[in-house]
Structures are given as C-alpha cells and as structure tokens.
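First the structure, in the form of structure tokens, and then the observations on it.
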Amino acid sequence: MAKSGASQRVAVSLLAAAATVGLVVLLPRTVGTTWRLVTGSLARVSLLELALLGGVWIAGLCSHSFVLAASLPGLTKRRGLTMSLTGSAVSNVLPLGGAVGTGLNFAMTRRWGFTAAAFAAFLAVSTLVNVLAKLGVVAIALALSPALGSTTALPAGWTGLLLLPVLAVLGLVLWILGSGPVAERTGRALDRAIGLVRSGRRSSLGSSLPELRLSVLRIVRRSWRPLSLGMLAYLGLQAVLLWLCFRAVGASLGLPLLITGLAVERLLTLVPVTPGGAGVVEVGTIAALVALGGDPPLVTAGLLLFRGFTYLLEIPVGGTTLAVWLVCHRRPVRAG
C-alpha cells in the first residue's frame, strides 16, 4: 500500500515536471515570438538594474513578513521572513507543494514554542488575507478594463470559472466567522463526513472550529492595521517590481495594463496545477498582455524576468535559509 502511494507521488511529480518544462519550452511560440528575440531582450538588462530589482524583491518579502508576524502574535519579522522563504522554496519545487510548505512552517512554529492551535489561527488569517488581496487586484483590473478598451485579458466567463470555487470557499469562511452557531454546525457536519469517509476515525471539529473562529477574530481585531498595511505594501512593491522588469527589457506598459498583468498573474497562482504555477502563470499572463497590444518578445522577456525573482530565485534563497535553520535547530523537540 505504501509502495503504491509512493509510486503515485512519483508519477504525479514527473507529470508536473513534464508539463512545466513543456509549457516553458513552447512559451515563445504560443505568443508569436522566438527564444532568440526573448533572450536578446533579457541580455539588455544591466547588473545595476538587476541589483535594483533584487532590492525591490527583498523589500516586498520584508513587507510580507509583517503580514505573517501580525497573523501569529509573538512571531518576529525575521522569523516570518524565514517562514515565507522556506515555505515558498518547497512550494515552488514540489507538485502541490503548498501542503508540504505548510507542514514545514508548522514544524518551525512548534520549534519556536507556538501551539498547534496558534498555528491553525495563523494559517487561517494569513491565507484569508492573501486570498482577499489577490481578489482585490483582480477586482481593480476588471474595473480598469474600460480604460483598456478591451476585456480580452480578463474575460468574464473564464474569470468567473476560475474564481467561482475560490469565492464559494471564501463565502463559507466568512459565514463561519460571522456566526458561532454556524461554526459549530459546520464542525459537526465535517465530523460526520470524516467518520463516513474514514470509518472508525473520529474528529473534534465541532468544538475546535468555534474555538478557531474566536482566535481568528481576536487576531483580526487586534492586528488589522499591520495586516492591511503589510499586504498593501507587498502588492505595491510587486507592481513596482513588475513595472521595473518590463522597463528593464524596453517594454512600456501603462498603469491599467500593468495592473491587468499583475491581476492575471495573481489569479493564475490560485490554480496550483504545477509547482508555484510554473509554466501556467507565464503562458497565461503573457498571452493576456499580448492580446492587449503588448510586444510579444518584450512582454515575454519582462514577465520571465519578473518570475525569475518571484518564483525561481526563491528556490535557492529559501533552500539555503532552510539549510541554515536546520543546522541551527538540530536539537530534538521537547515533547509538549
């Protein structure tokens, strides 16, 4: 049984890797350009410009650490940055690596003395803020569509299809947060469902979900300012980084087109088909910008440069951070 599960995981990993490589290799052809033109545009980027881009990227990560620290009272900004980097490194390498990254972050917080209940509240708050932020960018882009004179980048049908499950889950979460009895009834319903799916297995969500609701509300009431300001700063720096990447390769994008590109990129990261959305995010975002009049070689080069920082660079930096953390925390965890 264990061998079969391992074989399935290996098969899924290989399929995801093949899909990622295929999408990246065929990327220029899908938008009407060639790798020669794309690499020629990337070659124009100077070392000074790369240093500037790296500084903006680091500033964005630091601003996001404020969100993580506010989501877990007692967590320092430095540890929040460590969790962000290491979790992203794992998520960007493994298929459906978000769960593995979450498990790694849980182990880190336990090592630092936080309880499992505190981590559950942290995960709920940070995930909720991240999803709301992505939906906010998409909403702004849709509002700016008339300024572009086109809705090609974010057609209502496809956008609705991608957002429908996200909005459904978000609506359920907000409903639970708004009512204690709803949280209790939902927890009991989940307990029964788990018992049916896994015969003989019991869960206590009927009591733990209302407790989690109260913890989440306490954090939001106390930390809504750093949560909001940290996420706004992070999104703003992401937009600046995207603009600088396009400018470095010689592409000029107006504000509506820039926000649309960021919205499509944020929207596609909600669909974890490949690790970190690699391949899917690039193809979808570049195709949207080209459809709105962007120059194919320049748009492709600019978006790849942006993803080089927000996706690719996080792997070695996060991996190194994880290695250092493991060396510094080799002592066994004391049983709690």
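Towards the positive end of the charge dipole of the range 34-328, with charges on Cβ (+1 Lys, Arg; -1 Asp, Glu), say which of 195, 315, 229 has the farthest Cα. Of 195, 315, 229, it is 195. If you average the alpha carbon positions of the range 80-134 and of the range 210-259, how far apart do those two centres end up, in angstrom? Here the answer is 17 Å between Cα centres.
In a reduced charge model with +1 at each Lys and Arg Cβ and -1 at each Asp and Glu Cβ, the range 34-328 shows a dipole moment near 980 debye about its Cα centre.
Kindly put 35, 243 in sequence by how many other C-beta atoms sit within 10 Å of each C-beta, fewest to most. Show your work: numbers first, answer last.
Working: 35 13, 243 20.
So the residues, fewest neighbours to most, are 35, 243.
The residue among 262, 291, 249 whose Cα reaches farthest toward the positive pole of the charge dipole of the range 219-336, with charges on the beta-carbon of Lys, Arg, Asp and Glu, is 262. Sequence-ordered 3J(HN,Hα) estimates for the range 255-270 from the Karplus curve with 6.51, -1.76 and 1.60 and θ = phi - 60° stand at 4, x, 5, 5, 5, 4, x, 5, 5, 5, 4, 5, 5, 6, 6, 6 Hz, glycine and proline given as x.
Taking other C-beta atoms within 10 angstrom as a stand-in for reagent exposure, 330, 36, 79 fall in the order 330, 36, 79, fewest first. Counting every other Cβ atom within 10 Å of each residue's Cβ, 289, 232 order from fewest to most as 232, 289.
No value in this document is a laboratory result; all are computed from the given coordinates. Keep in mind that this is a model prediction, so the values were computed, not measured. Neighbour counts run over all protein chains shown; Cβ positions are idealised from the backbone, glycine included.
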